[in-house]
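Here the structure is laid out as structure tokens; the discussion comes afterwards.
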Amino acid sequence: MNDLHNNKTLVWSLLAALILISLYMLGYRTLVPPDEGRYAEMAREMLASGDWITTRLNGIKYFEKPPLQTWMNALSFAAFGLGDWQARLWTGVCGLLGVVLTAHAGRKVFGPRVGLYAGLILGSSLFWVASGQIDSLDMSLSGMMAICLCALLIAQRDDAAPGERRNWMLVCWAGMALAVLAKGLIGLVLPGAVLVLYTLAARDWAIWGRLHLGKGLLLFFAVAAPWFVLVGLKNPEQPHFFFIHEHFERFLLKTHHREGAWYYFFAMLIPGIMPWLGLLPQSLAGALRRAPGAFQPKLMLLVWAVFIFFFFSYSSSKLPGYILPIFPALALLLAAYLETASRPNRVGAAALLLVVGAAGLAFVPQIVKISTKHASELVLLQAYQPWVLAAAFVALAGGALALLHARHLRRDMTVLTLACAGFLATQLILAGFEPYGKHRAGVALVERIQAELAPDTKIYSVGTYEQSLTFYLRRTVTLVDYRDEFTFGLQQQPELSIPTVDAFVVQWTRDAQAGVRDLAIVSDEVYADLQRRGVPLRLVAQDSRRIVVANR
């Protein structure tokens with residue numbers, strides 16, 4: 001019971017189960033706006049247009065992020081067709097890649113048991129599992145950052161052979177380049193800052209001679225630079241917007257209205273690292289103790305996790321996924337600590353999961369009391385209750401069983417039980433969200449809208465932009481009185497939108513009089529306003545979040 005890492009059949013069976021369940025669940029849910037719909041639609045438009053350099057959303061230039069996610073989603077669509085699981089395939093692969101690399105790094109740097117533990121911990125942490133099931137940039141970046149971190153650890157360990165060190169450092173440089181293509185300069189800035197801080201903390205000055213800087217920089221620029229050169233040549237306005245506005249201004253200024261309190265990411269980390277929260281403080285503290293040898297892998301992991309966490313805590317722009325890249329480092333620290341953790345610590349971790357499960361059971365009746373501005377959606381929250389109940393029960397049962405194993409000194413079984421409970425509970429939470437997510441995306445309206453469409457029918461989106469609905473319609477729309485994330489692109493191409501509702505009414509009415517059918521997606525407020533104006537309207541479809549009308 002305490003040498004499961006030597007059981008190859010079990011290890012490969014666990015990996016196969018992780019891969020099969022994770023890939024299957026990619027297609028279980030509808031793409032939820034805004035992020036999932038946005039990145040799926042960008043890839044659909046890239047594939048349809050054949051332009052792999054200039055990224056667009058709704059036909060409008062969209063340079064907020066580099067193209068790696070869009071490229072990979074478009075390739076997925078080209079290979080497997082348009083669909084939900086195809087849109088999530090890249091992030092799913094990145095999540096699985098992170099687990100495998102973290103387990104491999106743990107095995108090479110700390111030993112086989114730590115490798116198994118690290119894979120189990122990362123593959124069951126709520127935030128990592130959930131992010132691997134969502135089509136967003138956070139997991140794309142984190143997967144590439146995991147390549148960088150794990151390759152660096154393997155390359156720099158004291159017993160690495162010269163050829164092995166060179167090869168893994170080149171993998172590390174390639175990972176940094178891909179991270180830049182995933183989300184920008186932080187793919188280079190964060191690992192670079194971590195390396196500097198580690199050097200100062202460990203006084204390991206010799207590490208700079210082991211980085212293969214010459215070959216590494218050549219590889220880095222060979223991978224990362226071509227797209228930036230090509231997109232800048234085709235779109236001279238892109239470099240300033242991307243490098244200045246999307247990096248420095250976004251970090252320092254509150255221009256995106258995504259600021260949060262100083263404790264914002266603590267509130268994300270506490271549930272996100274479950275079911276391993278009970279061991280996190282001890283794991284971080286243990287990394288401060290110096291180990292034999294020149295290279296200090298635990299200190300490197302600690303600097304990686306703490307610096308990235310506080311870097312984004314200082315930023316004026318905060319979103320939950322920003323701290324996702326620290327989870328492989330935390331998994332390795334937790335795994336290294338768990339190998340020698342005392343029975344009381346393992347008991348405490350199991351007991352905490354049991355308590356969380358019990359609290360979840362008590363919370364389930366409160367779900368329907370969650371505030372929503374759409375009263376009709378309460379039935380969707382009621383449908384979510386059984387799934388949360390099941391997840392809470394899995395956590396409760398898993399915590400109780402792990403507690404039993406911990407009390408009887410079954411160390412490996414304690415870790416395996418906690419991991420299985422965390423992974424299954426997270427999948428249940430995600431699966432139960434489907435009715436609510438499907439409603440948010442508006443897919444129930446797609447069939448009725450498509451029945452009204454001809455190849456030349458214009459669709460207007462008045463005062464809003466439906467991030468997922470447009471993907472399912474396989475059509476772009478004409479924006480009316482809406483800019484938001486399209487502000488920069490519309491400054492370059494103002495003819496792609498209608499700036500005011502008044503101008504839209506003129507065009508809409510003119511088309512109606514000429515016998516040209518148009519459709520529009522509007523809110524309740526806009527619909528009421530158009531009715532008061534006497535604008536020709538015919539109701540096509542509606543739900544609690546949007547109304548679709550025709551002018552004939």
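Which helices (runs of 4 or more DSSP H) does segment 104-182 wholly contain that include 3 or more residues that are more than 16 Å from residue 325 (Cβ to Cβ)?
Details: elements: 112-122, 126-131, 137-156.
Output list reads 112-122, 137-156.
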Checked 79, 87, 40 against criteria (over 14 Å from the mean Cα position of the chain (by Cα) and at negative phi); the one match is 79
When you check residue 119 against the structure, is it of a type in the set (Gly, Ala, Ser), in contact with a helix residue (DSSP H, G or I) (Cβ under 8 Å, 6 or more places away or on another chain) and surrounded by 22 or more Cβ atoms within 10 Å (Cβ to Cβ), yes or no? yes
Of all the helices (runs of 4 or more DSSP H) wholly in segment 275-351, which have at least 3 residues that are open to solvent by 20 Å² or more (accessible area, probe 1.4 Å) and touching a residue at least 12 places away in the same chain (Cβ under 8 Å)? 297-314
Condition first: open to solvent by 20 Å² or more (accessible area, probe 1.4 Å), closer than 15 Å to residue 427 by Cα and part of a helix (DSSP H, G or I). Now tell me which residues in segment 22-47 satisfy that. 23, 24, 25
Can you pull out the helices (runs of 4 or more DSSP H) entirely within segment 383-457 that have at least 1 residues that are under 22 Å from the mean Cα position of the chain (by Cα), farther than 14 Å from residue 354 by Cα and of a type in the set (Asp, Glu)? 434-441
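Somewhere in segment 465-487, is a residue of a type in the set (S, T, N, Q), farther than 22 Å from residue 86 by Cβ and in a helix (DSSP H, G or I)? Working first, answer last.
As a first pass, look at segment 465-487 and keep what is of a type in the set (S, T, N, Q): 467-468, 470, 476, 478, 487.
With the extra rule that they be farther than 22 Å from residue 86 by Cβ, the set shrinks to 478, 487.
The next check asks that each one be in a helix (DSSP H, G or I); those that pass are 487.
Within segment 465-487, one or more residues are of a type in the set (S, T, N, Q), farther than 22 Å from residue 86 by Cβ and in a helix (DSSP H, G or I).
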Scanning segment 506-534 for residues that are of a type outside the set (Gly, Ala, Ser) and crowded, with 19+ Cβ neighbours inside 10 Å gives 508, 518, 519, 521, 522, 526, 527, 530
Residue that is modelled with the lowest pLDDT, among those in segment 215-268 that are of a type in the set (Phe, Trp, Tyr) and part of a loop (DSSP other than H, G, I, E, B): 262
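The values are calculated or read from the model by the stated rules, or taken from the named source; none is laboratory data. Bear in mind that the values here come from a model prediction, so they are computed numbers and not experimental data. Glycine gets a Cβ as well: all are built from the backbone with ideal geometry, and neighbour counts include every protein chain shown. To get the accessible areas, we keep the full protein, side chains included, count just its heavy atoms, and leave off ligands, DNA and RNA. Shrake-Rupley method; radii C 1.70, N 1.55, O 1.52, S 1.80 Å.
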